[in-house]
Amino acid sequence: MMRREDGRIILTGKLAKELYLEGYGELLKDGLELDPVELASLIQRGTIKAPLRDALEALAGDPSLFVKYIVYSDLRNRGRVVVNERSTPFLRLYPEGARIGETSSKILVLPLQEDDILRHGEIIKSLSTAGKLRKELLLAIVDDRLDVVYYEAKLFNPKRVRDEKILPKAEGTLIHDRVIIWDEDIGGELYRRGFWGHPLGIRKPQINEKFKAKLQLNLMESIYLMKKGFLTVKTPDGREIDENYLLDLAMRIKGDVRQRFSVFSYWRDLGYVVKPAQKYGANFMLYEKGPGLEHAPYLCLVSSYDDRIAPVDLIRVGRIATSVRKELVISVLKGDKIVNYKISWMKI
């Protein structure tokens, strides 16, 4: 075993050939070159006899290399063939039982530390890179105990699930942060034709049942329906107000809701039923059919291309989504466009 000036190790002989077939190193004229990530993993496993301290200290100058080493070692300890993509943030994961030269890699792995802050745009760029290489993307998130949790990430291009329906024109009164539709027949039609709002006093309304109840709309639903021309809103003293008044009110009560409203409108325009999902740690629940007809298949987080997020926040919502059998969709605003990607827990 020879050590080069840049810290890389050259192996020769039978061991070098065996390790190369297992996906270790880069084959050069003078032997098998191991980079610091591979070397530290092999020392940890006892394949190479050398001080682990020296190998880990060689990673100390680049925190991302240490995180990469943790994920690389975890996958190797699970019996998987994984290759370090040098000079990139990725690892290449091969199918179970694969041998180098016989099977191609199908997955790029992006190691992340749970508290490191990154932009959603970085994840989207990684998804784009994986797509160009015709590979899937796996987020490998390392926690404080150096345990690794894996999430599959995929770009998501939703299709329209229903055509836009003509709705009855309604009039409502603004009460605090709700618009109340007093006409029960019109309110009932709004609910039946698109699950707009929620009937007051009815916990789980059924789509095929006629109910006698006032309908309450949240601010986002109200603004959307006003923009579409289906809703007129007045104050309790009879003064008519426009959607900008409701938007200003929403921003005073709930903070800057413009991103959320853009995403709300995007999904509603595609025919999805969009309901609040704060109790799940997300912004919206997305239904393809509607409440009472199905469990919402998606939870949705709203963000922008340059917004920063810690991977641990994705883990929290991702775990909740998994526990309630939903997929987590992140809707990211990039200029006037919305890019969606999904993440779901994956067992390695």
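Sort through K279, K275 and tell me the only one that's modelled with pLDDT under 95, under 22 Å from L314 (Cα atoms) and not in a loop (DSSP other than H, G, I, E, B).
K279
Pick out the one residue from R239, R258, R252 that is closer than 19 Å to E171 by Cα and either touching a residue at least 24 places away in the same chain (Cβ under 8 Å) or over 19 Å from the mean Cα position of the chain (by Cα) (or both).
Exactly one of R239, R258, R252 is closer than 19 Å to E171 by Cα and either touching a residue at least 24 places away in the same chain (Cβ under 8 Å) or over 19 Å from the mean Cα position of the chain (by Cα) (or both), namely R239.
For segment 328-343, state whether one or more residues are of a type in the set (S, T, N, Q) and either touching a Phe, Trp or Tyr at 6+ places or on another chain (Cβ under 8 Å) or open to solvent by less than 20 Å² (accessible area, probe 1.4 Å) (or both).
Looking through segment 328-343, at least one residue is of a type in the set (S, T, N, Q) and either touching a Phe, Trp or Tyr at 6+ places or on another chain (Cβ under 8 Å) or open to solvent by less than 20 Å² (accessible area, probe 1.4 Å) (or both).
Residue by residue through segment 120-175, note down the ones that are of a type outside the set (D, E, K, R), open to solvent by 40 Å² or more (accessible area, probe 1.4 Å) and either in a helix (DSSP H, G or I) or over 30 Å from E189 (Cα atoms) (or both).
Within segment 120-175, S128, T129, G131, L133, L146, L155, N157 qualify.
Since D313 meets every condition but one in (1) out of contact with any strand residue (DSSP E or B) (no Cβ under 8 Å at 6 or more places or on another chain); (2) more than 22 Å from W345 (Cβ to Cβ), which condition does it not meet?
Against the list (1) out of contact with any strand residue (DSSP E or B) (no Cβ under 8 Å at 6 or more places or on another chain); (2) more than 22 Å from W345 (Cβ to Cβ), D313 comes up short only on (2).
Take segment 43-53 and flag every residue that is open to solvent by 60 Å² or more (accessible area, probe 1.4 Å), closer than 19 Å to L15 by Cβ and assigned to a helix (DSSP H, G or I).
Listed by number, the residues that qualify are Q44, R45, L52.
Considering only segment 86-107, state which residues are of a type outside the set (F, W, Y), under 15 Å from D74 (Cα atoms) and touching a Ser or Thr at 6+ places or on another chain (Cβ under 9 Å).
R92, L93
Take G281 and decide whether it is at positive phi, surrounded by 16 or more Cβ atoms within 10 Å (Cβ to Cβ) and touching a helix residue (DSSP H, G or I) at 6+ places or on another chain (Cβ under 9 Å).
So G281 fits the description; yes.
So which of L91, L65, L19 is within 30 Å of I117 (Cα to Cα) and open to solvent by less than 10 Å² (accessible area, probe 1.4 Å)?
Exactly one residue qualifies, and that residue is L91.
Which ones in segment 225-254 are part of a helix (DSSP H, G or I), farther than 21 Å from D269 by Cβ and open to solvent by 40 Å² or more (accessible area, probe 1.4 Å)?
Answer for segment 225-254, where residues must be part of a helix (DSSP H, G or I), farther than 21 Å from D269 by Cβ and open to solvent by 40 Å² or more (accessible area, probe 1.4 Å): Y245, D248, M251, R252, I253, K254.
Mind listing whichever residues of segment 13-31 are out of contact with any Lys or Arg (no Cβ under 8 Å at 6 or more places or on another chain) and either among the hydroxyl-bearing types (S, T, Y) or on the phi < 0 side of the Ramachandran plot (or both)?
K14, L15, A16, K17, E18, L19, Y20, Y24, L27, L28, K29, D30, listed by residue number.
Looking for whichever is farther than 20 Å from I123 by Cβ, in contact (Cβ under 8 Å) with a residue 60 or more places away in the chain and either touching a Phe, Trp or Tyr at 6+ places or on another chain (Cβ under 9 Å) or surrounded by 16 or more Cβ atoms within 10 Å (Cβ to Cβ) (or both) here; the options are V273, V263. Which one fits?
Sole residue among the options that is farther than 20 Å from I123 by Cβ, in contact (Cβ under 8 Å) with a residue 60 or more places away in the chain and either touching a Phe, Trp or Tyr at 6+ places or on another chain (Cβ under 9 Å) or surrounded by 16 or more Cβ atoms within 10 Å (Cβ to Cβ) (or both): V273.
Against the condition touching a residue at least 40 places away in the same chain (Cβ under 8 Å) and open to solvent by 30 Å² or more (accessible area, probe 1.4 Å), how does I315 come out, does it pass?
For I315, the condition - touching a residue at least 40 places away in the same chain (Cβ under 8 Å) and open to solvent by 30 Å² or more (accessible area, probe 1.4 Å) - is not met.
I'm trying to understand the selection: among the residues of segment 314-332, which are in contact with a Pro (Cβ under 8 Å, 6 or more places away or on another chain) and either within 16 Å of L118 (Cβ to Cβ) or acidic (D, E) (or both)?
E327
Just give me the residues in segment 288-306 being within 20 Å of Q259 (Cα to Cα), more than 12 Å from the chain's Cα centre (by Cα) and surrounded by 15 or more Cβ atoms within 10 Å (Cβ to Cβ), in sequence order.
Scanning segment 288-306 gives S304, Y305.
The values are calculated or read from the model by the stated rules, or taken from the named source; none is laboratory data. As the structure is a computational prediction, the values presented were derived from the model and not from experiment. Quick reminder, even Gly has a Cβ in these numbers, built from the backbone with ideal geometry, and neighbours come from all protein chains shown. The area values use the complete protein model at the heavy-atom level, side chains included, leaving out ligands, DNA and RNA. Shrake-Rupley method; radii C 1.70, N 1.55, O 1.52, S 1.80 Å.
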